[in-house]
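Let me begin by presenting the structure, written as structure tokens, before commenting on it.
The values are calculated or read from the model by the stated rules, or taken from the named source; none is laboratory data. These numbers were taken from a predicted model, which means no experiment stands behind them. All Cβ positions, glycine included, derive from the backbone under ideal geometry; neighbour counts span all protein chains shown. The protein model used for the area step is the full one, side chains on, heavy atoms only, and it has no ligands, DNA or RNA in it. Shrake-Rupley method; radii C 1.70, N 1.55, O 1.52, S 1.80 Å.
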Amino acid sequence: MEAFTFDHTEKILLVATGILFITQVLYYFCLYNRIHMRSRATKRGDTHFTQELPPISVIICAREESENLRRNLSAVLEQDYPQFEVIVINDGDTDESEDYLTLLEEKYPHLYHSFVPGSSRYISRKKLAITLGIKASKHDWLVFTDAKCLPQSNQWLRLMARNFTSRTQVVLGYSGYERGKGWLHKRVCFDNLFTSMRYLGFALAGSPYMGIGRNLAYRKELFYQHKGFSAHLNLQRGDDDLFINHVATPENTRVETDVNAIVRVQPVVRAKDWREEKISYASTSRLYHGAQRWLAGLETLTRLAFYGTWTATLVIGILNFHWLSAGIAFLLFLLRFATQAVIINHTAKDLEEKRRYYFTLPVFDMLQPVQSLRWKLYCLFRKKSDFLRK
């Protein structure tokens, strides 16, 4: 009987592990499972969409990206949509982008391009490029993507547009990575999938708090109502996540996750590029309004705490030959792992992600919050001027 008697420390650790386990499972079922639930509801026909197809202005900002434009722009220009225009704002004149866009305009009359003046200093160049594109647009509905993004199908615009109801002002889409190889690519893909499950999950739960400009739509009038990027004009970034954080509401925001509405980004080759991208988002996340930022932080905190408590319980149980406490701790770990694996991999399948996560899941699950904390600490101690407009 003594083997089944828990000492005071084990009791505390077991209770803490149980509470953290329940918290984590609730996050997965109530938040991270939202995309899968939405996919199932759409297949059953339980989701309402509009039949109208309003004219669209697609805005693409390109900075020295002639290769990406040659690779991806035709897929945007050849979308199966009745009336749309594509506006490319070219920032930089040291590559062949200008010549290529001029030639392409002869083939596609609905393509228009302009450039960011080299003397511009009063606003970040990305925000200025987007503002120029919006001012040049003819239509109220604006769809945004990047030059490095390739629509997965020619139905991308149609599927985004089916969410353009009378009450909708913002539509958030999913962007994934093309197939690649290597450990870095696996990490990037998992981080992208998990981040999307979080911010799209919040939006599907009626609490939108950010968006990513690779696959995003909003009304032009919304941009002007909020005076563009004036709320964060002094920052280098924030053209997508901060703007959506300020304008999105439960009533005016919808999410599109159909596989044919996905845009794919080329695999990350250098860790430096991914690090800079994540740091740039970390630098603006501290400015988000709403409780979602803190709820996301609570999930990260309880995740790390769960790993700490179940490991400590397991070790103490084994050292004291208390196999029941060690077994309970290990069982809770397995149950959480099974919940994770089912929800994450179902979501990956719904989004036609080629990679599945089983043996690598615990590793990425630990690395993701650790590296996120590292980037946030980097932003905290980095010079403030590094994040101001350029």
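Return the only residue of His289, His346 being touching a His at 6+ places or on another chain (Cβ under 9 Å), loosely packed, with under 15 Cβ neighbours inside 10 Å and of a type outside the set (Val, Ile, Thr). Let's see the steps before the verdict.
On the way: His346 fails: loosely packed, with under 15 Cβ neighbours inside 10 Å.
His289 is the lone residue from the list that is touching a His at 6+ places or on another chain (Cβ under 9 Å), loosely packed, with under 15 Cβ neighbours inside 10 Å and of a type outside the set (Val, Ile, Thr).
Of the residues Ser137, Ser207, Ser153, which is farther than 20 Å from Ser285 by Cα, polar (S, T, N, Q) and open to solvent by 20 Å² or more (accessible area, probe 1.4 Å)?
None of the other options fit; the residue is Ser153.
Does Asp91 count as under 26 Å from the mean Cα position of the chain (by Cα) and exposed (fewer than 14 other Cβ atoms within 10 Å of the Cβ)?
Answer is no for this residue.
Could you grab me the full set of residues in region 25-76 that are over 21 Å from Gly213 (Cα atoms) and part of a loop (DSSP other than H, G, I, E, B)?
Asn33, Gly45, Asp46, Thr47, His48, Phe49, Thr50, Gln51, Glu52, Leu53
Taking the stated definitions as given, is Arg303 in contact with a Phe, Trp or Tyr (Cβ under 9 Å, 6 or more places away or on another chain) and either open to solvent by less than 70 Å² (accessible area, probe 1.4 Å) or within 28 Å of Arg179 (Cα to Cα) (or both)?
So Arg303 passes the test.
Here is a check on your reading of the model: is Ile35 open to solvent by less than 40 Å² (accessible area, probe 1.4 Å), in contact (Cβ under 8 Å) with a residue 24 or more places away in the chain and more than 26 Å from Ile344 (Cα to Cα)?
No: the conditions fail for Ile35.
Check off (1) open to solvent by less than 30 Å² (accessible area, probe 1.4 Å); (2) touching a Lys or Arg at 6+ places or on another chain (Cβ under 7 Å); (3) under 22 Å from Trp310 (Cα atoms) for Thr50 and give me the number that stays unchecked.
(3) is the only condition that Thr50 fails.
List the number of the failed condition for Asp80; all other conditions in (1) surrounded by 21 or more Cβ atoms within 10 Å (Cβ to Cβ); (2) in a loop (DSSP other than H, G, I, E, B) hold.
Tallying (1) surrounded by 21 or more Cβ atoms within 10 Å (Cβ to Cβ); (2) in a loop (DSSP other than H, G, I, E, B), Asp80 fails exactly one: (1).
Among residues belonging to region 313-322 that are surrounded by 16 or more Cβ atoms within 10 Å (Cβ to Cβ) and among the hydrophobic types (A, V, I, L, M, F, W, C), point out the one that is farthest from Val25 (Cα to Cα).
The extreme case among them is Ile316.
Restricting to region 377-390, what's the tally of residues that are surrounded by 16 or more Cβ atoms within 10 Å (Cβ to Cβ) and either modelled with pLDDT of 75 or more or under 17 Å from Lys272 (Cβ atoms) (or both)?
1
Mind listing just one residue for me: the one in region 274-286 that is assigned to a helix (DSSP H, G or I) and among the charged types (D, E, K, R) and, of those, surrounded by the fewest Cβ atoms within 10 Å (Cβ to Cβ)?
Step one: filter region 274-286 for residues assigned to a helix (DSSP H, G or I), giving 274-285.
Still in the list and also among the charged types (D, E, K, R): 275-278.
On the way: Arg275: 15, Glu276: 11, Glu277: 14, Lys278: 20.
Taking the candidates together, the pick is Glu276.
If you go through region 276-312 one residue at a time, how many are within 16 Å of Tyr28 (Cβ to Cβ) and among the hydroxyl-bearing types (Ser, Thr, Tyr)?
3
Kindly list the number of the only condition in (1) farther than 20 Å from Arg187 by Cα; (2) assigned to a helix (DSSP H, G or I); (3) modelled with pLDDT under 90 that fails for Trp294.
(3)
Among what's in region 215-270 and is surrounded by fewer than 15 Cβ atoms within 10 Å (Cβ to Cβ) and in contact with a Leu (Cβ under 7 Å, 6 or more places away or on another chain), pick the residue that is farthest from Ser153 (Cα to Cα).
Ranking the qualifying residues of region 215-270, first place goes to Asn234.
Could you please find all residues in region 53-80 being out of contact with any Ser or Thr (no Cβ under 8 Å at 6 or more places or on another chain) and closer than 22 Å to Glu221 by Cα?
Selection gives Leu53, Pro54, Pro55, Ile56, Cys61.
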